[in-house]
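Take a look at the structure below.
The values are calculated or read from the model by the stated rules, or taken from the named source; none is laboratory data. Note that this is a predicted model, so its numbers are computed, not measured. Neighbour counts are summed over all protein chains in view; Cβ atoms, including those assigned to glycine, are modelled from backbone coordinates with ideal geometry.
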Amino acid sequence: MQFSYVTLFEGLIASYFEDSILKRAIAKGLLEITFLNPRDYTKNKHGKVDDYQASGGAGLVLFPQPLLDLLRSLKEKSPHAYIIFPTPAGKLFTQNDAKRLAHKEHLVFVSGRYEGIDERVIETFADELFCIGDYVLTGGELPSLVMSDAISRNIKGVLGNEDSLSIESFESPLLEAPCFSKPPLYEDKSVPSEFLKGNHAKITGLKK
């Protein structure tokens, strides 16, 4: 699986892949990470990628030219690239989306900044629009990472124990049961007896 990130701030995303499960997935060749910066495609001499809103009002918008040229170039090189825009106007991203998108060859996440991305770019290139929740963020980098992490877990070989996928939250109408580690007694608080006995039927019934 290849993940490409269209972003002005590569460092916000790159560091997430420098540790733990996703770092190992890259080392094993299960994931490939690339970055594309709209500033590398802008044609104005100042390297600007944003401009005032056509309708007026506060805040700048990423204007069409750099992003359109970038995405055209990307599609020429990778015709099967599937382009995702994180946006408040998108549908809510779910576990089913993560599982479905894990079967794609190449996912591209386009991160907006400021007041967003010129709608003409989205209309031209978006395969899907996703929102990760009803709140406002500074840019699209965090939603891109959230989706990437959820998708990656569903790629064969990324998790050390793939059986864990079948018991995760959102794989059934109930969420996962609480988790406890050893020792069974700590600071006068004990692990419930059902967990100590390994009674999985009762443990399942403790799901929240």
| remark: Restricted to the stretch 116-128 and to residues being assigned to a loop (DSSP other than H, G, I, E, B) and surrounded by 14 or more Cβ atoms within 10 Å (Cβ to Cβ), the residue modelled with the highest pLDDT is ALA126
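Matching residues to (1) hydroxyl-bearing (Ser, Thr, Tyr); (2) touching a Cys at 6+ places or on another chain (Cβ under 9 Å):
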| site | (1), (2) |
| --- | --- |
| ARG39 | no, no |
| ASP50 | no, no |
| GLY57 | no, no |
| GLU76 | no, no |
| THR87 | yes, yes |
| GLU119 | no, no |
| SER144 | yes, no |
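Determine, yes or no, whether LEU92 is at negative phi and modelled with pLDDT of 95 or more.
Working: at negative phi: yes; modelled with pLDDT of 95 or more: yes.
In short, yes.
Taking the condition at pLDDT 70 or above and assigned to a loop (DSSP other than H, G, I, E, B), does GLY198 pass?
Working: at pLDDT 70 or above: no; assigned to a loop (DSSP other than H, G, I, E, B): yes.
In short, no.
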| Those strands (runs of 3 or more DSSP E) lying entirely in the stretch 1-61 with at least 2 residues more than 19 Å from GLU105 (Cα to Cα) | 50-52
| request: Could you pull out the residue among LYS91, LYS99, LYS104 that is under 16 Å from the mean Cα position of the chain (by Cα), more than 22 Å from PHE9 (Cβ to Cβ), in the same structural domain as TYR41 (by TED's automatic domain parsing) and in a strand (DSSP E or B)? | output: LYS91
| query | Picking from PRO88, PRO64, which residue would you name as being surrounded by 14 or more Cβ atoms within 10 Å (Cβ to Cβ), more than 16 Å from TYR5 (Cα to Cα) and touching a Lys or Arg at 6+ places or on another chain (Cβ under 6 Å)? | reply | PRO64
| Matching option when the condition is among the small types (Gly, Ala, Ser), farther than 19 Å from LEU145 by Cβ, assigned by TED's automatic domain parsing to the domain that holds TYR135 and touching a helix residue (DSSP H, G or I) at 6+ places or on another chain (Cβ under 6 Å), among GLY47, GLY57 | GLY47
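Does LEU71 satisfy the criteria of being modelled with pLDDT of 95 or more, crowded, with 18+ Cβ neighbours inside 10 Å and in a helix (DSSP H, G or I)?
Answer is yes for this residue.
Every residue, every condition in (1) of a type in the set (A, V, I, L, M); (2) in the same structural domain as ARG72 (by TED's automatic domain parsing); (3) at pLDDT 90 or above; (4) not in a helix (DSSP H, G or I), yes or no:
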{"position": "PHE130", "(1), (2), (3), (4)": "no, yes, yes, yes"}
{"position": "TYR135", "(1), (2), (3), (4)": "no, yes, yes, yes"}
{"position": "SER144", "(1), (2), (3), (4)": "no, yes, yes, no"}
{"position": "ILE151", "(1), (2), (3), (4)": "yes, yes, yes, no"}
{"position": "ILE155", "(1), (2), (3), (4)": "yes, yes, yes, yes"}
{"position": "GLU176", "(1), (2), (3), (4)": "no, no, no, yes"}
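Test SER15 against the criterion of being in contact with a helix residue (DSSP H, G or I) (Cβ under 7 Å, 6 or more places away or on another chain) and under 26 Å from SER152 (Cβ atoms), and give yes or no. Give the steps one after another, and end with the answer.
Values: in contact with a helix residue (DSSP H, G or I) (Cβ under 7 Å, 6 or more places away or on another chain): no; under 26 Å from SER152 (Cβ atoms): yes.
Considered against the rule, which asks whether it is in contact with a helix residue (DSSP H, G or I) (Cβ under 7 Å, 6 or more places away or on another chain) and under 26 Å from SER152 (Cβ atoms), SER15 comes out as no.
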